[in-house]
Amino acid sequence: MGHVKLLTILLFFLSSWSSASQIETQIEQFIQQVELKRLQNIYPNARIGVTVQNKVALDYLPQCHQAISIENQRPEAVNRTSYALSCEDPVWKSYVPVEQSILIEGIKAITPISRGERITKQNTDIGEIDLATLRGHLYTSANPPYGLVASRNIRINHYITDQVTELPDLIKKGSNVLITAQSNSIVVRMNGVALEDGVKGEQIRVQNVSSGRIVYGKVVSDGEVLVNY
């Protein structure tokens with residue numbers, strides 16, 4: 001009697017292990033054939049990993065007599081998601097947590113960069129960062145931040161995004177500027193003085209040295225503003 005009970009328990013565990021193993025295999029196939037390809041299309045230059053969590057829970061799922069259906073519940077996620085597992089024979093549905101890592105290359109500080117300091121090749125380098133930890137648009141080797149300045153202090157090994165950068169002032173308050181006035185085909189240039197700082201594309205107040213008149217001009221280059229009439 002004891003041997004029969006032991007055999008029954010053993011067969012139960014073997015059956016459970018076989019069922020869990022089959023389900024795990026189907027999940028891994030789904031990851032390799034569907035999810036990794038999908039994520040690679042979205043992030044073509046990233047190093048991507050997908051790992052199923054809490055695999056022990058698969059041991060408690062009933063054996064499915066056909067291929068299970070698998071659906072990613074949060075396909076837009078860059079970190080945690082879950083897969084919905086469902087079977088039609090017998091009918092059941094379950095969920096398993098999944099961890100994703102999407103590592104992309106970006107530019108990081110290799111020395112502390114002070115607020116207002118220019119970002120250059122000398123104080124940065126290329127590194128790899130998990131997309132889930134990012135806040136803002138990451139600068140890369142294809143789109144570097146060189147020439148921009150730090151909008152706040154940047155720590156060493158901090159990745160450079162648009163949230164910590166700003167355009168440098170091309171014109172400083174009190175500096176001499178060239179005022180270019182344009183109306184159709186007529187262009188007139190005059191000397192002026194900047195009454196405020198300005199970055200490229202910004203409208204600032206400038207004063208014509210000859211007339212004393214104050215006008216608004218758009219910063220177009222280092223030391224030059226454009227006034228349209």
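The values are calculated or read from the model by the stated rules, or taken from the named source; none is laboratory data. Quantities reported herein were computed from a predicted structural model and do not represent experimental measurements. FYI the Cβ positions are ideal-geometry reconstructions off the backbone, even for glycines, and counts take in every protein chain you see.
Remarks
- Residues that are crowded, with 17+ Cβ neighbours inside 10 Å and over 11 Å from the mean Cα position of the chain (by Cα) within the range 95-122 comprise V96, V98, Q100, I107, K108, A109, I113, I119, listed in sequence order.
- Among the residues here, Y83 qualifies as assigned by TED's automatic domain parsing to the domain that holds Q26 and over 20 Å from P44 (Cα atoms).
- Scan of the range 132-155 for residues that are part of a strand (DSSP E or B) and touching a Pro at 6+ places or on another chain (Cβ under 9 Å), ordered by number: V149, I154
- Given (1) assigned to a strand (DSSP E or B); (2) modelled with pLDDT under 95; (3) within 30 Å of Q40 (Cβ to Cβ), index of the condition D125 fails: (2)
- Contacts under 6 angstrom Cβ, first residue in the range 22-47 being assigned by TED's automatic domain parsing to the domain that holds A67, partner assigned to a helix (DSSP H, G or I), 6 or more apart: I23/L58; E24/L58
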